[in-house]
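Novice: Sharing a structure, written as C-alpha cells. Questions coming.
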Amino acid sequence: MEILERIPAVALRGMTVLPDTMIHFDLVREKSICAVERAMCMDQQVFLVTQKRAEVEDVAEEDLYRIGCIAKVKQVTRLPDNLVRVLVEGSCRGRLLSLEEEREEERSWFVARVEQADAEPLSDVNEEEAMTRSIREQFVAYCNIYPRTGRTLLRHMDEIRGLGRLLDQIVENIPVDYTLKQKVLEAVELGERYETLAGILSNEIEVAKIRSELSEKVKARVDKNQKDYILREQLHYIQEELGEEELSDSAVFENQLAQLKAPKEVKEKISKEISRFKRIASNSAEASVQRGYLETLLELPWDKCSRDNTDIGRAEKILARDHYGLEQVKERMLEFLAVRALSKRSDSPIICLVGPPGTGKTSIARSVAEALNKKYVRISLGGVRDEAEIRGHRRTYVGAMPGRIVAGLKQAGVKNPLMLLDEVDKVSSDYKGDTSSALLEVLDGEQNSHFRDHYVEIPVDLSEVLFIATANSTETIPRPLLDRMELIEVSSYTANEKFHIAKEHLLPKQLVKNGMDDGRLDITDSAVREIIVSYTREAGVRELERKLGEVCRKAARELLKRKKTAIRVTGRNLEKYLGKRRYHSIKANKTDEVGIVRGLAWTSVGGDTLQIEVNMMPGKGELELTGQLGDVMKESAMTGLSYIRSVSARYGIGAEVFQKNDFHIHIPEGAVPKDGPSAGITMATALLSALTNTPVHADLAMTGEITLRGRVLPIGGLKEKTLAAKNAGIRTVLVPAGNRPDVEEIPSEIKGGLDIIFVESMDEVIACAFANGKGTT
C-alpha cells in the first residue's frame, strides 16, 4: 500500500469527490487556492477531503473525514471576485494520516500525508457478478421512478466494467446528499460499499413511491372538487332551463332579511355579512361558520313581540288555579299587569324569589307566563362557572355559539318573554371569568336595552324581558347583583297550606300518574294531615308529593294482588302503606321546670323549637356550652351570663355564686349544628332560672337577641318560628318589639290561639317567663 508524502490538500464544503469521476468546483478560501497552485507546480496531484461540518471556516485535522480522494488537477480558471474554478479527475481513495500547514511568505496551505486505500478484489467471482447484476437492477428501478436521471446515463452504466467503479459512478450521478456519498467513499471494501449503496437506492426508491402515492391522493381530491364544481354548474343550468332554479343560501338569507322585523342598523349589519358570505367558497370551513352566524342573526326576534294579556281577572284566576298561597308573588305580577295595561309601556321588573327548596318558586314562574300570555324560557344557572355561558363565545373560536340569554330569546321567538333564571345563587366563578359579574348587565334595567353578546356582536334589547330569578339563599349572591333585583321572600308552608296544596294539586296529580283517578282510591283528610305531620319535615311539599305517590303505588299493588274494588286510606291504617311514623312533634312540657326554657329556631326546612337546659354545679365559675353551637350562639350565651352577673343583686344573688359554681348550657339534638343570636334571651332566662331556683312557664317560648345591657333586639324567620311554636302546643310567645311589623304579616291561621307578647328588655322577659311571677326585686 503506497504512502504519498506531502500532497497539497483541499478541504471541501458540502460535496464529496469519488474516484474515476471528472468534476469541477469553485474555491474561495485562500488556503485552498494556494494548495491547488502548489499542486500545479508539482505533479498536479491534490488530496480532496470533505469537512464534517460545512459551516467551519478555519478547519483543523479533526474537522475532516479520514477518507478522501486523491485527484489530478486538469484545469484552473480564475474568475472575478477572487474566485478560482478547478477541474479535477478522481484517481483513487486516500486515507488521511496527518495534516500540516506550510507557509511561504504571507501565504499558507495544507499539506497532507496520505495512504492509498485500494479495495481488495472479491475472491468469489460469482459473488461479484451477483452484486453487479443486483445493483444494476436497483439502478434501473431508480431510473424508472426518476426519469430525469435519463436513459443516456443508464446506457453509460451498462458500459462500465468492474464492480467498484460501477458503485462509485452510480453514487456520483444520483442526486443524494454529500453525507451519503461520503459513506460510499469511506466503504473501501467492495462488499461494504455494495451494501451501503444498495441501502441508499432502496431508501430513495421507497421515498419516491410514498411521494408518488401522496401526489396521486392530492390529485384525486383536486379532480373530485373540479368534478363536483362542473356537475353543480351543469345542474344549475338544467334547473334554469326547466324553470326550477333552487335558491342559493345567500338568496335565502336575503329573502329572510327582507321579511325580518329589525332596526335599520341591524339590517345593515346582516346585509354586510351576507355580502361577505357570497365571497367565501361554499365548501370552505369559514363558509360554515358564516352560515351559522347568519342563521342566528336572522332567527333572533329583534322587533317581534307577543301581545300581553290585559285581562287582570283572567290572570288572577290562572294564578289561583295553579298555586295555593304565594300571595305576595301573585300581587306583584298583577301590579305589573295593571301598570302595563294603563301605560302601554313600562319597564319589566326583575324579580328574585328567595325561599327554601320545594316551595314552588320555579313552578309559579310558568304560571305567571301563562297568566300574562308570555313565552316561557327557563335557564338553569346551577353550577355555571364560565362567563361565556352568559355572554357567548367570540366567533374566532371553533364551535362558538351565543350565550344562554340570546339562545333563550331565539328559543322564545319574541323579544318580550318571561325568562326564568333558576338557581341564581348557585353560579360560581373560575379562571374563565365571573358569571355573576356577567349577569350584572343582564339584570340592570338601565343597561340591558343594549346587551352585547360576544357572538352576536350587535346590541340586543332585553328591556322588555320579564326576568324572574330563584334562589334558596341570598348569602351567596354578590351584593351588586342582589341590588339589581326586587326580592320577594317565599317562606315555608304552614301545615294548613300544605294540606290545601296536597288536596287541590298534589293528590289529583299522583292519582292520574298512578292510574288511580277512577275513584278506586280514597285518601281521607286525616290521612293527608298525618302524612304532613308524621312523615315529612320540610319547608316545601316535594317530600309530601313523594309520600302521596308511595301511597298510590302501594294501593295499586294491593288492588291487583287482592282483587279489591276500592281502597280507603285513613289516619289509622296509614302505617300499613308508609310504615312507622318518622317524626314526632316535640310538645311543650306539662310541668314548669327550673333551668329549662323553650326557644325558637329557623332551619332550611322551616321552624323548630329548642329546649335549652342549664345546670349549675360547684366549680370555679366556668361556662361550658354543648350541643354543636356556632360561634355567634356561644357569644350570645356569654353575653347573657354577663348581663345576669350585672343584675344579680336585684335577684339576691351573691357575687361569690359566680366564683364557686360552674354553669353548663346544653341544647338537645347535639348532632345538629346550631348558630345565630336569636336564642340570647332564652339562654339568659334559663341561667337566671337556675340561679334563683325559679321555674319557667312550660307553655311559653321566646326568641330574641340580647345585649349586655339587657335590651332585646329583633330577629328573622319569625313566621316559621311562630308556626313551630303553634305545632308544639305553645300558648305564649315572647317576640322582640322590633318585630311587630313582621308579626302583622303572619297569617291569622298561624297566630290564632297564640298569645304573642312584645318585649323590649330582659326585665319584661323575666316577668312573663317566671312561673311565680317573680320579677325584678
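Novice: What number, in percent, do you get for the relative contact order of the range 315-426 if the mean sequence gap of Cα pairs under 8 Å and at least 6 apart is divided by its residue count?
Specialist: On the way: 108 pairs, mean separation 31.3, N = 112.
It rounds to 28 percent for the range 315-426.
Novice: Please turn the phi angles of the range 524-538 into ³J(HN,Hα) values with the Karplus equation 6.51 cos²θ - 1.76 cosθ + 1.60 (θ = phi - 60°), one per residue in order, whole Hz, x for glycine and proline.
Specialist: Couplings: 6, 4, 4, 5, 4, 5, 5, 4, 5, 7, 9, 10, 9, 9, 8 Hz.
Novice: Let me ask you something else. Quick check on packing: order 70-76, 526-532, 311-317 by the mean number of other C-beta atoms within 10 Å, highest mean leading. Don't jump to the answer; show the numbers that get you there.
Specialist: Numbers: 70-76: 17.7, 526-532: 20.4, 311-317: 14.1.
Put in order of decreasing packing, that is 526-532, 70-76, 311-317.
Novice: Another question about this same structure. Work out, step by step, the length gained on full extension between Arg221 and Leu235: first 0.36 nm times the residue separation, then minus their alpha carbon distance; give nm to one decimal. Let's see the in-between values first.
Specialist: Working: separation 14, 0.36 × 14 = 5.04 nm, distance 2.09 nm.
The Arg221-Leu235 span can extend by a further 3.0 nm.
Novice: Would you mind working out the magnitude of the charge dipole of the chain relative to its Cα centre, with +1 at each Lys and Arg C-beta and -1 at each Asp and Glu C-beta, to the nearest 20 Debye?
Specialist: Working: 112 positive and 123 negative charges, 963 e Å.
Charge dipole of the chain: 4620 debye, to the nearest 20.
Novice: Efficiency by 1/(1 + (r/R0)^6): what FRET value for Arg537 and Glu558, r their Cβ-Cβ distance, R0 = 35 Å, to the nearest 0.05? Numbers along the way, then the final one.
Specialist: Numbers: r = 27 Å, r/R0 = 0.77.
The pair Arg537/Glu558 has a calculated efficiency of 0.85.
Novice: So, one more: Check Asn309: other-chain or 5+ apart residues with amide H under 5 Å from its amide H, H built from backbone geometry?
Specialist: Amide H neighbours of Asn309, under 5 Å, 5+ apart: Asn373.
Novice: From the residues Asn472, Ser492, Leu511, which one has its Cα farthest along the dipole of the range 458-530 in the positive direction, the dipole being from +1 and -1 charges on Cβ of Lys/Arg and Asp/Glu about the Cα centre?
Specialist: Leu511
Novice: Sort the following peptides by mean Cβ neighbour count (other Cβ atoms within 10 Å, averaged over residues), highest first: 188-194, 259-265.
Specialist: Numbers: 188-194: 17.6, 259-265: 12.3.
Per-residue mean Cβ counts within 10 Å order the peptides as 188-194, 259-265.
Novice: Defining a contact as two alpha carbons under 8 Å apart and six or more residues distant in sequence, what relative contact order in percent does the chain show? Provide the component values of the computation, followed by the final result.
Specialist: Values: 1366 pairs, mean separation 55.0, N = 777.
Relative contact order here is 7 percent.
Novice: Between Arg133 and His500, with labels modelled 7 Å along Cα→Cβ, what's the label distance in nm to one decimal, could you check?
Specialist: My value for the distance between the label points is 11.0 nm.
Novice: Could you list the residues of the range 658-687 with an amide nitrogen less than 13 Å from a label point located 7 Å from the Cα of Met617 in the Cα-to-C-beta direction?
Specialist: Zone members listed by number: 661-666.
Novice: Choose one of Val111, Ile210, Ala725: the residue whose Cα lies farthest towards the positive end of the charge dipole of the chain (beta-carbon charges +1 Lys, Arg; -1 Asp, Glu; about the Cα centre).
Specialist: The Cα lying farthest towards the positive end belongs to Ala725.
Novice: Okay, moving on. If you roll a 1.4 angstrom probe over the protein chains with everything in place, what fraction of the accessible area of the chain belongs to carbon and sulfur, to the nearest %?
Specialist: Values: 19360 of 40200 Å².
Here it works out to 48 percent.
Novice: Below 12 angstrom from the Cβ of Ile33, what's the summed charge of the other residues (Lys, Arg +1; Asp, Glu -1)? Before the final figure, lay out each step's value.
Specialist: Working: positive: Arg29, Lys31, Arg38, Arg78, Arg85, Arg107; negative: Asp26, Glu30, Glu37.
For residues surrounding Ile33, the net value is +3.
Novice: Val672 to Glu635: FRET efficiency via 1/(1 + (r/R0)^6), r the Cβ-Cβ distance, R0 30 Å, to the nearest 0.05? If you can, show how the numbers build up before the last one.
Specialist: Details: r = 19 Å, r/R0 = 0.65.
Between Val672 and Glu635 the formula returns 0.95.
Novice: Starting from the Cα gyration tensor of the range 12-103, take the square roots of the eigenvalues, sort them a ≥ b ≥ c, and report rounded, prolate or oblate (rounded when a/c is under 1.5, otherwise prolate if a/b is larger than b/c, else oblate).
Specialist: In terms of gyration-tensor shape, rounded.
Novice: While we're here: Suppose accessible area is computed on protein heavy atoms with a 1.4 Å probe; arrange Glu550, Glu331 from highest to lowest.
Specialist: Values: Glu550 45, Glu331 105 Å².
Sorted by accessible area, descending: Glu331, Glu550.
Novice: Under a Cβ-only charge scheme (Lys and Arg +1, Asp and Glu -1), can you give me the dipole magnitude of the range 351-475 about the Cα centre, in debye to the nearest 20? Show your work: numbers first, answer last.
Specialist: Values: 15 positive and 17 negative charges, 101 e Å.
So the dipole magnitude of the range 351-475 works out to roughly 480 debye.
Novice: Eigenvalues of the Cα gyration tensor times 5, then square-rooted: what semi-axes does that give for the range 380-517, in whole angstrom, largest first?
Specialist: Numbers: eigenvalues 229, 71, 47 Å².
In descending order, the three semi-axes are 34, 19, 15 Å.
Novice: Roughly how tilted is helix 631-646, in degrees to the nearest 10 and between 0 and 90, from the longest Cα axis of the chain?
Specialist: So the helix axis and the longest Cα principal axis differ by about 40 degrees.
Novice: Considering Cα pairs under 8 angstrom that are at least six residues apart, work out the relative contact order of the range 43-126 and quote it in whole percent.
Specialist: Details: 133 pairs, mean separation 19.1, N = 84.
Over the range 43-126, the number comes to 23 percent.
Novice: Determine the alpha carbon to alpha carbon distance for each of Lys317/Lys415; Lys374/Lys719; Lys361/Lys509; Lys361/Lys719; Lys503/Lys563; Lys426/Lys726 and list only those over 24 Å. Show your work: numbers first, answer last.
Specialist: Values: Lys317/Lys415 26 Å; Lys374/Lys719 33 Å; Lys361/Lys509 19 Å; Lys361/Lys719 18 Å; Lys503/Lys563 27 Å; Lys426/Lys726 34 Å.
In this structure, Lys317/Lys415; Lys374/Lys719; Lys503/Lys563; Lys426/Lys726 lie more than 24 Å apart at Cα.
Novice: Can you give the direction-averaged projected area of the convex hull of the alpha-carbon atoms in the range 541-641, in nm²? Before the final figure, lay out the partial values.
Specialist: Working: hull surface 42.2 nm².
Averaged projected hull area, Cα only: 10.6 nm².
Novice: Something else now. Say the dipole of the chain comes from +1 at the beta carbon of Lys and Arg and -1 at that of Asp and Glu; which of Thr639, Cys143, Thr603 then lies farthest toward its positive end?
Specialist: Thr603
Novice: A follow-up question, please. Can you give the FRET efficiency for Arg103 and Asn82, using 1/(1 + (r/R0)^6), R0 = 22 Å, r = Cβ-Cβ distance, to the nearest 0.05? Could the numbers behind the result be given before it?
Specialist: Working: r = 20 Å, r/R0 = 0.89.
For R0 = 22 Å, the calculated efficiency reads 0.65.
Novice: In terms of Cα to Cα distance under 20 Å, which aspartates and glutamates are near enough to Lys554, apart from those fewer than 8 places away along the same chain?
Specialist: Correct list for Lys554: Asp517, Asp518, Asp522, Asp525, Glu530, Glu543, Glu545, Glu575.
Novice: Another question, then. Measuring with a 1.4 Å probe in the full set of protein chains, what accessible area per residue, in whole Å², belongs to the chain? Don't skip to the end; give the middle numbers.
Specialist: Values: 40200 Å² over 777 residues.
Per residue, the chain has an accessible area of 52 Å².
Novice: Taking the Cβ of Leu482 as the center, what net charge do the other residues with Cβ under 11 Å away carry, scoring Lys and Arg +1 and Asp and Glu -1? Each step should come with its number before you reach the end.
Specialist: Numbers: positive: Arg479, Arg484; negative: Asp425, Glu475, Asp483, Glu486.
Within the 11 Å Cβ shell, the charges total -2.
Novice: To continue, here is another question. What is the magnitude of the charge dipole of the range 298-345 about its Cα centre, with +1 placed on the Cβ of each Lys and Arg, -1 on the Cβ of each Asp and Glu, and no other charges, expressed in debye to the nearest 20? Could you put the intermediate results ahead of the total?
Specialist: Working: 10 positive and 9 negative charges, 31 e Å.
Roughly 160 debye, rounded to the nearest 20.
Novice: Determine, for each peptide in 645-655, 735-745, 350-360, the mean count of other beta carbons within 10 angstrom over its residues, then list the peptides with the highest first. Before the final figure, lay out the partial values.
Specialist: Working: 645-655: 13.2, 735-745: 16.2, 350-360: 21.7.
Ranking the peptides 645-655, 735-745, 350-360 by packing returns 350-360, 735-745, 645-655.
Novice: If you average the C-alpha positions of the range 500-566 and of the range 606-627 separately, how far apart do those two centres end up, in angstrom?
Specialist: 42
Novice: Run the numbers for Asn255 and Ile756: contour at 0.36 nm per residue of separation, minus the present Cα-Cα distance, in nm. Walk me through the intermediate numbers first.
Specialist: Values: separation 501, 0.36 × 501 = 180.36 nm, distance 7.10 nm.
Contour length minus Cα-Cα distance gives 173.3 nm.
Novice: Would you mind giving the average projected area, over all directions, of the Cα convex hull of the chain in nm² with one decimal? It would help to have the intermediate numbers written out before the result.
Specialist: On the way: hull surface 282.4 nm².
Mean projected area of the Cα convex hull: 70.6 nm².
Novice: By a straight-distance test (C-alpha under 23 Å), which lysines pair with Lys224 as possible cross-link partners, with residues fewer than eight away in the same chain excluded?
Specialist: Lys209, Lys278
The values are calculated or read from the model by the stated rules, or taken from the named source; none is laboratory data. Not measured: the values here are computed from a predicted model. When we count neighbours, we look across all protein chains shown, and the Cβ atoms used for this are built from the backbone with ideal geometry, even at glycine. The area values use the complete protein model at the heavy-atom level, side chains included, leaving out ligands, DNA and RNA. Shrake-Rupley method; radii C 1.70, N 1.55, O 1.52, S 1.80 Å.
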